[in-house]
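The values are calculated or read from the model by the stated rules, or taken from the named source; none is laboratory data. Remember, predicted model here, so these are calculated numbers, not experimental data. As a convention, Cβ positions derive from the backbone with ideal geometry for all residues, glycine included, and neighbour counts pool all protein chains shown.
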Amino acid sequence: MRKQISQMLLPISLVVSCASFAADKQPNLCSDNAVFNVGAGIYDITGPAAEEGMLGYAMMHQQTAGIAQRLWARAFVIESPCNQKRVVLVNTDLCMVTEAVKQEVVRKLKEKYGDRYDDKNVLLTATHTHSGPGGFSTYFLYNLTTLGFDKKHFDTIVDGVVNAIERAQSNMTKAQMKIAEGDLNGISFNRSPMSYLENPIAERNRYQADRDTKMTLLRFDSIDGKPMGTVNWFPLHGVSMNNKNHLISSDNKGYAEYLFEKDFQSDNGPHAFVAAFLQANAGDVSPNEFGHEGGTGLDGVNAIEKAGRPQYEKAKSLYNTANEVVKGGVDYRHTFLAMDKINIEPQYTDGKLQTTCPAAIGVSMLAGTQDGEGVGWQGVSCDVLKERSTGFTCQITSTPCQGVKPIALPTGSMKPHPWTPPILPLQVVTVGNVVIVAAPFELTTMTGRRIREAVNAQLPKEGHYHIVISALSNAYAGYVATNEEYQLQRYEGASTQFGPWQQAALSQAFAKLTKALVKGEPVENGPQPPDLHSHQQNMQPGVLFDDKPLGKQFGDVHQEVKKAYHPGDTAEAQFWGAHPKNNYHTQDTFLAVEQRVNGEWVIVRRDNDADTEYHWQRNGVSYSLITLLWRIPHDMPKGQYRFRYNGDAKSAITTKMTAFTGYSSVFEVV
């Protein structure tokens, strides 16, 4: 009978919101729904492991030269049977999601599934690691370190995201969701405390700290009790590895994901348990209390563990104790906004009508942050420049709209195309009483709080909601600081591209999206972002050919392992190899540690494992030296082991790729 009523009322649900907090007078079909159709999937998106500029620190010399851990797309498909609405949530181990990636993912999904997926119900987000390869934006500023657009890497990311979604869809089953929240202290630090103190004291007094410490976690279990996966949100920058690092790494959030999935024996296969650690309002939040705690080599490993393990432990605790069942339906609203020309109502500003500005970055952005310095100094405003430069007139380098910001680069006014995107997506997704606010920016702590308040003000007063910020989602265009923080022009304010009232504009826009969702009203699509694929170039020469010394073969050992190691030691071998750009070994591995078990060699470690490292270095013109490293765990059983190296060499004559394998000598763990 209930099914028949649901079918009769289905046409109404297409117009009237079925979300659990719908504020209309129609029967709320979803309010008691506690069973969803859920699927989880994971896929490799690692990309080029050598000679590709890394994205995050904007340092031209920081190029990939190996792998510490692989990068992954983790997807969840969630559908409410009460209104047949479906949403896709994908977390990527990337510095950012670019508009081009979102556009191409949606295009491919439409090709396969018609109108089932589009911009409105697909949410792509990023952990914000600063140790991954770049080159996958179609906007010039974000491709500087890679000397242009890398189509092969771009396609690897897009295909990986689509494959993760397809895996999740194929795994869909009836499931229950539970939610839990808790504070995680001691691992996050506000890196611009002076800017934060510019916010009104009455507002600051409502919070216990100058950064958010709450972790919000969703747990997914099939109705027959099988664990499927988990998602959590917690604000913490992916900068445990500093700008001296050259190994691909998913940083602290990726390490937490890895630990969580290991607990469920995840093999990253088609039916794996998936744990996604999402980013929140971490624009001014660092894992490095005193600045350069992160680093390279073992220092970097220790910094990642220092910030990653507590996230894993807190998430595991919340996962084990989650008992609040998520009830309701699925719904969403999405729009594109021309961010450079928004009129903002006085209730969101200083009581006056304000506007956003054409995009520009300030002088302080060039200085970087305590996590990775650039050139110059932070806190450069027009007033500071006037003090330091006799007779300096700020209007020469700024605009009335941008206020105190001395402009280093007017990215929105560059020709023939802006260097950063002016049209950006905003999205609100509800799963039961969980409200996900997806923004294509890095939001400071107070910016995130104000946006959450603006969203909460639109929700029915009698409900209980969990509002989470999902930053770095669906596109990317720098930071957002509050108007007060902006005035100091530290890194975050200088990187707020659309002027001092950008946070107010976002609060207004997200409030409107939420109001439309609650009332079951449609929203305008807004202006469509341009497709700039045809305008891309890449100045990287690529791999011409591979060679090896006379008398050597690809895969030959150059430096052998020792005969024996103790647990806690580091085993190491070096091979004559080839350039890893020839074959990314997606869903595979360059490195394997094999153990002899009952006369057979069994893989016990890959290049995705946190205790292994794969290093590439150029030797001469066309030689490649490959170093494989394994920090042997203290609980590793004694026995016989060896390294295996997988590579692919490009012929200088035919350009044909030839796969090869190299083995170290056998060594004992004693």
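Which residues, counting only those in the stretch 612-648, are in contact with a Lys or Arg (Cβ under 8 Å, 6 or more places away or on another chain) and either of a type in the set (Gly, Ala, Ser) or modelled with pLDDT under 95 (or both)?
Listed by number, the residues that qualify are 624, 639.
All but one of (1) of a type in the set (Val, Ile, Thr); (2) over 27 Å from residue 439 (Cβ atoms); (3) touching a His at 6+ places or on another chain (Cβ under 7 Å) hold for residue 216; which doesn't?
Every condition holds for residue 216 apart from (2).
Which of (1) within 30 Å of residue 167 (Cβ to Cβ); (2) surrounded by 17 or more Cβ atoms within 10 Å (Cβ to Cβ) does residue 601 not meet, given it meets every other one?
For residue 601, the failing item is (2).
Only one residue in 276, 307 is buried (at least 24 other Cβ atoms within 10 Å of the Cβ), assigned to a strand (DSSP E or B) and under 18 Å from the mean Cα position of the chain (by Cα), so which one is that?
Exactly one of 276, 307 is buried (at least 24 other Cβ atoms within 10 Å of the Cβ), assigned to a strand (DSSP E or B) and under 18 Å from the mean Cα position of the chain (by Cα), namely 276.
Tell me, yes or no, whether the stretch 76-83 has at least one residue that is of a type in the set (Gly, Ala, Ser) and either without any contact (Cβ under 8 Å) to a residue 40 or more places away in the chain or out of contact with any Phe, Trp or Tyr (no Cβ under 8 Å at 6 or more places or on another chain) (or both).
no
Out of all the residues in the stretch 233-273, which are crowded, with 24+ Cβ neighbours inside 10 Å and hydrophobic (A, V, I, L, M, F, W, C)?
Scanning the stretch 233-273 gives 233, 234, 236, 239, 241, 248, 256, 260.
Taking the stretch 279-302 only, how many residues are among the hydrophobic types (A, V, I, L, M, F, W, C), closer than 19 Å to residue 93 by Cβ and surrounded by fewer than 24 Cβ atoms within 10 Å (Cβ to Cβ)?
Filtering the stretch 279-302 for residues among the hydrophobic types (A, V, I, L, M, F, W, C) gives 280, 282, 285, 290, 298, 301.
Next, from what is left, pick out any that are closer than 19 Å to residue 93 by Cβ: 280, 282, 285, 301.
With the extra rule that they be surrounded by fewer than 24 Cβ atoms within 10 Å (Cβ to Cβ), the set shrinks to 301.
The total comes to 1.
Looking only at the stretch 245-266, count how many residues are out of contact with any helix residue (DSSP H, G or I) (no Cβ under 9 Å at 6 or more places or on another chain) and assigned to a loop (DSSP other than H, G, I, E, B).
Residues that pass the stated criteria total 3.
Take residue 43 and tell me if it is at pLDDT below 95, assigned by TED's automatic domain parsing to the domain that holds residue 250 and buried (at least 22 other Cβ atoms within 10 Å of the Cβ).
Against the criterion (at pLDDT below 95, assigned by TED's automatic domain parsing to the domain that holds residue 250 and buried (at least 22 other Cβ atoms within 10 Å of the Cβ)), residue 43 does not qualify.
So for the stretch 391-413 (the condition being aliphatic (A, V, I, L, M) and under 23 Å from the mean Cα position of the chain (by Cα)), does at least one residue qualify?
Scanning the stretch 391-413 turns up no residue that is aliphatic (A, V, I, L, M) and under 23 Å from the mean Cα position of the chain (by Cα).
Scan the stretch 52-68 residue by residue and report those that are at positive phi and crowded, with 22+ Cβ neighbours inside 10 Å. I'd like the intermediate steps shown before the answer.
Here is the first cut: in the stretch 52-68, the residues at positive phi are 56, 58, 66.
Within the stretch 52-68, 56, 66 qualify.
Could you say whether any residue in the stretch 223-236 is over 23 Å from residue 305 (Cα atoms), in the same structural domain as residue 60 (by TED's automatic domain parsing) and in contact (Cβ under 8 Å) with a residue 60 or more places away in the chain?
Yes, some residue in the stretch 223-236 is over 23 Å from residue 305 (Cα atoms), in the same structural domain as residue 60 (by TED's automatic domain parsing) and in contact (Cβ under 8 Å) with a residue 60 or more places away in the chain.
In a loop (DSSP other than H, G, I, E, B), surrounded by fewer than 17 Cβ atoms within 10 Å (Cβ to Cβ) and touching a residue at least 40 places away in the same chain (Cβ under 8 Å): does that describe residue 530?
Taking the combined requirement at face value, the residue satisfies it.
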